[in-house]
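The values are calculated or read from the model by the stated rules, or taken from the named source; none is laboratory data. Computed from a predicted model, the values in this text were never measured in an experiment. FYI the Cβ positions are ideal-geometry reconstructions off the backbone, even for glycines, and counts take in every protein chain you see.
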There are 2 protein chains.
Amino acid sequence: MQSNPAMEDRAYHAAVVDLLGAIAYGEISAFERLAADARMCPTLADKAELARMASVEFGHYERLTAYLAELGADPIEAMGPFAQAFDAFHQRTRSNDWLEGLVTAYVGDGLAADFYTEIGAFLDPETRRIVTESLRDAGNAAFVVSRVRAAIEQDHRVAGRLALWGRRLMGEALTQAQRVAAERDELTALLAGGVDRPGLDLAAIGRLFARLTENHTARMTSLGLDA
Amino acid sequence: MQSNPAMEDRAYHAAVVDLLGAIAYGEISAFERLAADARMCPTLADKAELARMASVEFGHYERLTAYLAELGADPIEAMGPFAQAFDAFHQRTRSNDWLEGLVTAYVGDGLAADFYTEIGAFLDPETRRIVTESLRDAGNAAFVVSRVRAAIEQDHRVAGRLALWGRRLMGEALTQAQRVAAERDELTALLAGGVDRPGLDLAAIGRLFARLTENHTARMTSLGLDA
């Protein structure tokens, strides 16, 4: 992409390809997960809502892979390095019922959106726009909140179970994120900064994680759950 | 919908609601099926293609349910009577591998498109347009044909197995269609005609089925399979 001067920095270009590969794989695996969870929905209306959420994720996937291709990258290759971490996350957090699936969608989407928004500060404007657009909430939040709260009202024990579920999700997400961070120098270089690019020191990274955790807690609270 | 004079005929209105309910349920169950089959894909590129096909089906579903709402019908209620037949079809033809899934998508979509196009002759122009648009092939055919042919080239035994599969699909589809026809007078009234509407006699219905079978045979041939 000749029109984006930021891409002339090869290390930056590699980092962006890595980042978009990670987000794109996250979107397509979210699609798969939501579509699978849709089968567990108690009503056709709920199933249609989960299918809609899945289709929105797939739309994001298509935009991200189109941008990767514009950058001269092979989208499939760019996603490859992240398949294992996302697959492991989804395997270890397979939903036992549709409420767990809802919480996963809400908490997972929220966490991903927060993290990629933070990383957006280190991106050129065009890439940042693509990333931000692909993370826009498609009205999922209101739907999930209303369904989870209704379920808790019907049976208070649901709250304890789903609170545990939320903690497990956060734990698995952090485990997999750490694994990716350890393996993908291109991506972590984004956060660490470069010769001409600002970066984060250890204290700043600590504050970033504090913000992610706070937002997670706020989301759990909005569901009526202890974080 | 006051603007469509055809809808003033209550029997016709009921028939259209039934027809659109059937198509919409077909689309959302095709979405589910494709999304489930995507999990079996050998490569990420193939998985993305099946996910794309699933999202296209969901897009059709959204347009059809929006039109149902315009007609003053509850889309969920309109779909209800058809859930059993479509669910039974998918349950009895659950894919054992992704090639079977591809053949189902191609043969099923083709058959549905043929049938609804035939029925289109009995619809008012606006409804016909909605139905036709929602059945437009989204480039699935070329993808399926190339993948199935490649698989047969690699292992000729695949052809015999998938040919049997195609026959089973056609048999199950006809079984379920017959069940729907027996139960849904509103829908069959469309084909039979009304006071002011042309209809089909038994001989014409026979010719219709002959055309559907011919097209099915042509599709199987394009896959390199005996019908």
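The table below lists the values:
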read-out	value
Subset tally (residues that are exposed (fewer than 14 other Cβ atoms within 10 Å of the Cβ) and touching a Gly at 6+ places or on another chain (Cβ under 9 Å)) for the stretch A:138-154	1
Options A:38, A:24, A:51, A:45: the member that is more than 30 Å from residue A:71 (Cβ to Cβ), in contact with a Leu (Cβ under 7 Å, 6 or more places away or on another chain), facing chain B (nearest Cβ under 10 Å) and not basic (Lys, Arg)	A:38
Yes/no for residue A:26 being on the phi > 0 side of the Ramachandran plot and either among the charged types (D, E, K, R) or touching a residue at least 60 places away in the same chain (Cβ under 8 Å) (or both)	no
Positions within the stretch B:104-162 being among the aliphatic types (A, V, I, L, M), modelled with pLDDT of 90 or more and not in a helix (DSSP H, G or I), in sequence order	B:123
Subset of the stretch A:59-86 [under 13 Å from the mean Cα position of the chain (by Cα) and not small (Gly, Ala, Ser)]	A:60, A:61, A:82, A:86
Count of residues meeting criterion [under 30 Å from residue A:149 (Cα atoms) and exposed (fewer than 12 other Cβ atoms within 10 Å of the Cβ)] in the stretch A:201-213	1
Count of the stretch A:155-200 residues which are over 19 Å from the mean Cα position of the chain (by Cα), surrounded by 14 or more Cβ atoms within 10 Å (Cβ to Cβ) and of a type in the set (Lys, Arg)	2
Contacts under 7 angstrom Cβ, first residue in the stretch B:66-87 being within 12 Å of another protein chain (Cβ to nearest Cβ) and farther than 13 Å from residue B:22 by Cβ, partner among the small types (Gly, Ala, Ser) and surrounded by fewer than 16 Cβ atoms within 10 Å (Cβ to Cβ), 6 or more apart	B:76/A:45
Residue that is away from chain B (no Cβ under 14 Å), in contact with a Phe, Trp or Tyr (Cβ under 7 Å, 6 or more places away or on another chain) and surrounded by fewer than 20 Cβ atoms within 10 Å (Cβ to Cβ), where the choices are A:14, A:6	A:6
Odd one out for residue B:42 among (1) touching a residue at least 40 places away in the same chain (Cβ under 8 Å); (2) crowded, with 16+ Cβ neighbours inside 10 Å	(2)
Residue match in the stretch B:81-89 (condition: over 30 Å from residue A:76 (Cα atoms), in a helix (DSSP H, G or I) and in contact with a Lys or Arg (Cβ under 6 Å, 6 or more places away or on another chain))	yes
Residues (out of contact with any Asp or Glu (no Cβ under 9 Å at 6 or more places or on another chain) and farther than 29 Å from residue A:130 by Cα) located in the stretch A:20-52	A:42, A:43, A:44, A:45, A:46
Filter result for residue B:124 (surrounded by fewer than 17 Cβ atoms within 10 Å (Cβ to Cβ), of a type in the set (Asp, Glu) and within 17 Å of residue B:15 (Cβ to Cβ))	yes
Among the residues listed as A:224, A:206, the single one being more than 21 Å from residue A:90 (Cα to Cα) and outside any helix (DSSP H, G or I)	A:224
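Each row is one residue, and each column tells you yes or no for (1) touching a Leu at 6+ places or on another chain (Cβ under 9 Å); (2) more than 14 Å from chain A (Cβ to nearest Cβ).
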{"site": "B:94", "(1), (2)": "no, no"}
{"site": "B:103", "(1), (2)": "yes, yes"}
{"site": "B:108", "(1), (2)": "yes, yes"}
{"site": "B:114", "(1), (2)": "yes, yes"}
{"site": "B:118", "(1), (2)": "yes, yes"}
{"site": "B:122", "(1), (2)": "yes, yes"}
{"site": "B:125", "(1), (2)": "no, yes"}
{"site": "B:131", "(1), (2)": "yes, yes"}
{"site": "B:147", "(1), (2)": "yes, yes"}
